[in-house]
2 protein chains.
Amino acid sequence: MSGTFAGRVGAPMPAEGSLAFRVLHGDVRAAARLMRLIDDALPEAEVALRALFPHTGRAQLVGITGNPGAGKSTLVDRIVALLRKQGKTVGVLAVDPTSPFTGGAILGDRIRMQDHALDPGVFIRSLATRGQLGGLSRATSDCARVLDAMGKDVVLIETVGVGQDEVEVCKLAHTTVVVVVPGLGDDVQAIKAGILEVADVFAVNKSDREGSDRTVRDLRHMLELNHIVADGQIEWEIPIVKTVAAKDEGVELLWGQISKHYDSLRAGPGLMKRETARARSELVEILRERLLHVALTRLRQRGGELDELATRVARREVDPYGIADAATNSPDLR
Amino acid sequence: MSGTFAGRVGAPMPAEGSLAFRVLHGDVRAAARLMRLIDDALPEAEVALRALFPHTGRAQLVGITGNPGAGKSTLVDRIVALLRKQGKTVGVLAVDPTSPFTGGAILGDRIRMQDHALDPGVFIRSLATRGQLGGLSRATSDCARVLDAMGKDVVLIETVGVGQDEVEVCKLAHTTVVVVVPGLGDDVQAIKAGILEVADVFAVNKSDREGSDRTVRDLRHMLELNHIVADGQIEWEIPIVKTVAAKDEGVELLWGQISKHYDSLRAGPGLMKRETARARSELVEILRERLLHVALTRLRQRGGELDELATRVARREVDPYGIADAATNSPDLR
């Protein structure tokens, strides 16, 4: 299966034996190494990513998000199994934008994926936040690009939670599945929180639980209230699919809807629009990151180390806006 | 009640009649106007914020976070009532880092706060995300500063969810309360997700529900496992308080723990450390935002509009790293 963008025609092949070359040839160890470089935000990563860039754009990117406890990992596990049966190769990025303390959560989930551990057609990787100076969606985007360059047909991006970070991560995907569970509270607040904007497909997982019909009804009602037609790019009525991932129920139906959405995107200008939106936010992120380094260097030259300055701000001796002025208001920066 | 930082001694008073002047004198309409300016990221906001800055640092900042449906709004409502009984003035910032679609969620919650609508000692304000170019934690920080400058004794910052955004927002507070509810799922994943790092106090809300003892036990176990002593700045064993906000149970106990934590901070170097950490991340945010504008202007001058460039990236004609190079790799930006 190949997408619309099969890479730029006549793109130069990276030098033989280089990291990029090895990734393009599906070398698992090279891919793992590049992802580590990305995680650590090392400059070597960028060299390889630039070389890979013209060769990317083939993979189908699917985001899976939802509140903690919704059963996303199990669902991803089942989707992987289904795709493997269809002969597709799969990459999985499990994004946990949380503290180092909670690394165990993802690790525990990944144990469920161990069925796929020995399958060379599956590549699984967990990504955690790199703290304030790095961008999680940036790292995720870069890692998805590595899986794409490796030749994976489908890249599943699983994110924990539904905050702004997850929304950003979901914007990387062609299709975003929002997973909810029945009876999450007396109100539907859990469903409201910022996810309508990114949902292309809803999965009501654990739908053998009481209240699943009500959840479906509430979701449908909410979609109608908000007149949501998936970001206006294509004619698409957001489907709501009932699943019981633990029993492997509804997974084929769900994947059917995901495929249908992707096909609709590819049939029109939708795919290009999504790719452009993604490129736009990626550009902004890269610029932001670079310029921060510029600014910190400049601060150091002109005002002092960040920590010193922060102490002076905490003491109310200087205000942060004034410091930012000093760092940016020079004629060469206007 | 006044904190350690009563503002810089001898700080100049803003010009009479100016927005900052009026905010300092507790003018509600001026404060609302300044917050709108902050929300819209207008330059006038910065002028006023700079004038206010030396007069801030008195308010006690308390963050309330937790998953959707945990009953945070009700809890905040009860805390406000308690503080008002104690004669304290209160500001509330309800942060919903979600889409414009979901504005209704916050609005609905705020209706519960209507008891306080006519009380001049309470100022309530909802904040939503301003999209990718603005920083939510930056806007929240600025608005908290306005409430502080207005003379509010306590500022409560309520955030929906527990993603990285919320973690950033919580770092603004002196004390962060994480609200959980019993029986959120078969696993304690809901509790794990990135919140241990920011919690100074746990509230197990809706604790009249089944399983609340187990939730308390699980939390305690997790804290022990992770050897958490609230960010190492003070000797502080994170307390777990059972509440039933809807019945006004446990709220005084909870506030007691919040006060105790704040007092511990103030008794030692903890408060200054938190203020410094906050100033540090604020400085980074301000710099980032400014420099992004610089870079976008530069892109426009040298390469083209962002949208054009994004389209070229989507077509794989150029790579985003190359564009960032063009925008930042000039001698004056090193």
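Only the coordinates and a few stated rules stand behind these numbers; no lab work does. All of these numbers come straight from a predicted model, not from anything done at the bench. Cβ: placed from backbone, ideal geometry, glycine included. Neighbour counts: every protein chain shown.
A few notes on this one:
- Computed FRET value (nearest 0.05) for A:R29 with B:D119, which takes r as the C-beta separation and R₀ as 56 Å: 0.30
- Anchor B:K273: lysines whose Cα lies under 16 Å away (excluding residues fewer than 8 positions away in-chain): B:K171
- Spin-label model distance (nm) - B:H293 vs B:D325, 7 Å beyond Cα toward Cβ: 2.9
- Inter-chain Cβ neighbour count for B:265-278, averaged per residue, equals 2 (cutoff 10 Å, partner chain atoms only).
- Residues of the range B:250-266 with amide N under 19 Å of a point placed 7 Å along Cα→Cβ from B:E237: B:253-265
- Of A:K88/A:K152; A:K72/B:K206; B:K85/B:K152; A:K88/A:K242; B:K72/B:K242; A:K152/A:K247, pairs whose Cα-Cα distance is over 19 Å: A:K72/B:K206; A:K88/A:K242; A:K152/A:K247
- Size of electric dipole in the range A:285-333: Cβ of Lys, Arg +1 and of Asp, Glu -1, about Cα centre, debye, nearest 20: 60
- Remark: label point of A:E224 defined 7 Å out from Cα along the Cα-Cβ vector; separations to the same position in other copies 5.2 nm, ascending.
- Sorted on the mean count of surrounding Cβ atoms within 10 Å across their residues, most packed first, peptides B:37-46, A:280-289, B:171-180 read B:171-180, A:280-289, B:37-46.
- Per-residue average of Cβ from other chains inside 10 Å of B:292-299: 5
- Peptide A:47-54 is shielded by partner chain Cβ atoms: per residue, an average of 3 of them sit within 10 Å of its Cβ.
- For A:V92, nonlocal amide neighbours, meaning residues 5 or more places apart or on other chains whose placed amide H falls under 5 Å from its own, are A:F123, A:I124, A:R125, A:L156.
- Cβ-vector label at 7 Å, B:G268, separations to other copies in nm: 6.2
- Computed from phi, the 3J(HN,Hα) profile of the range B:294-301 under the Karplus parametrisation 6.51, -1.76, 1.60 (θ = phi - 60°) reads 4, 5, 5, 4, 5, 4, 4, 5 Hz, with x in place of Gly and Pro.
- Long-range HN-HN contacts of A:L61 with modeled amide H, under 5 Å: A:V155, A:H174, A:T175
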